[in-house]
Each structure stands twice: as structure tokens, then as C-alpha cells.
Amino acid sequence: MKLTMQRIDQGEDEVIIRYREQDKRIRAIAELIRGMEQKLCGSCGEEKVMFLPEEVLYLESVDGVSFAYLTDKVCRMGESLGKLADAFGTRGYFRCSKSMVLNLYRIAALKSEPGSRIRATMENGEQVMISRKYAGKLREILRQG
């Protein structure tokens with residue numbers, strides 16, 4: 001894939017995507033560009049906080065309530081885990097268990113565990129277990145790049 005970037009002095013920033021066939025890779029690039037300004041809103045204590053989906057390390061559902069784990073805080077989310085996973089799947093969100101979604105781009109290390117599970121160490125050092133039900137799908141994603 002060829003990348004051309006051009007600095008302009010006036011006018012609005014513009015992204016042009018040229019393709020022969022709109023495959024999964026082209027759709028992911030388009031979704032990334034469309035969603036660059038899209039932010040999530042969560043409650044962190046008494047305050048409402050806006051943050052980018054890329055800032056989330058992982059999402060977890062506890063007693064039907066979704067929480068977003070950021071590097072330095074945990075925010076209660078208004079949306080369900082499934083809705084968030086579907087909305088940001090093209091931006092690295094991956095369902096790793098019934099109650100958890102990981103941001104694949106925030107994983108620092110992966111280690112195979114007994115029982116076909118995978119241990120993910122996140123950028124902040126927290127460790128998350130990927131269940132065997134979802135481990136195969138993660139292995140396939142990693143093989144595809």
C-alpha cells in the first residue's frame with residue numbers, strides 16, 4: 001500500500017482513499033478516519049469524563065454495569081459491553097470473555113496458559129485472562145496481522 005501525505009497552508013484537512021477493491025483493510029482505515037473525533041463518555045466518581053476509545057485498556061461488565069479501565073482511572077459507562085465491542089471492533093476492541101473486552105492495541109505482552117487460555121499483560125501492567133472460547137479467535141487475528 002502506498003501512502004502519500006501532503007501539507008497544505010489553507011483549507012480543510014482531507015483524507016482521500018483510493019482502492020481497487022474495498023476489502024477489510026480499506027474499510028478499517030475508513031472507519032478509523034470517520035471515528036477519530038468520536039469520544040466516549042463515562043462517570044468517574046462525581047464527574048463526567050470524555051475520552052477517546054483508544055485510551056481504554058479494557059472494558060468489564062460487573063453485575064450488568066459496564067466499566068472502562070483507563071491508565072489512571074475507572075469510569076462507569078452507560079452502554080452495554082456488547083454495544084461497545086460492536087461499535088469499536090474495527091478499532092481494536094476484542095471480546096476476550098463473557099464479561100470483558102480488551103483493546104488489542106494496548107496489550108504489552110501475551111503468554112499461553114494451560115487449558116488453551118492466553119494471559120494478556122496490558123500497558124499498565126494489569127493482567128487479563130483470555131478464555132479458551134475466545135483464544136482461538138485472537139490467535140487467528142494475530143496470524144492475519
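The values are calculated or read from the model by the stated rules, or taken from the named source; none is laboratory data. Small disclaimer: the values here were computed from a predicted structure and weren't measured. Glycine also receives a Cβ, built like all others from the backbone with ideal geometry; neighbour counts cover every protein chain displayed. Areas reflect the complete protein model, heavy atoms only, side chains present, ligands, DNA and RNA absent. Shrake-Rupley method; radii C 1.70, N 1.55, O 1.52, S 1.80 Å.
Here are the numbers:
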{"item": "Strands (runs of 3 or more DSSP E) fully within the range 6-104 counting 2 or more residues that are closer than 22 Å to S131 by Cβ and hydroxyl-bearing (S, T, Y)", "result": "58-62, 65-69, 93-97"}
{"item": "Residue match in the range 29-43 (condition: open to solvent by 20 Å² or more (accessible area, probe 1.4 Å), under 30 Å from E14 (Cβ atoms) and touching a residue at least 60 places away in the same chain (Cβ under 8 Å))", "result": "yes"}
{"item": "Residue in the range 22-44 that is over 23 Å from the mean Cα position of the chain (by Cα) and either over 29 Å from A85 (Cβ atoms) or not basic (K, R) (or both) present", "result": "no"}
{"item": "Residue match in the range 111-119 (condition: touching an Asp or Glu at 6+ places or on another chain (Cβ under 6 Å) and either within 26 Å of R27 (Cβ to Cβ) or open to solvent by 60 Å² or more (accessible area, probe 1.4 Å) (or both))", "result": "yes"}
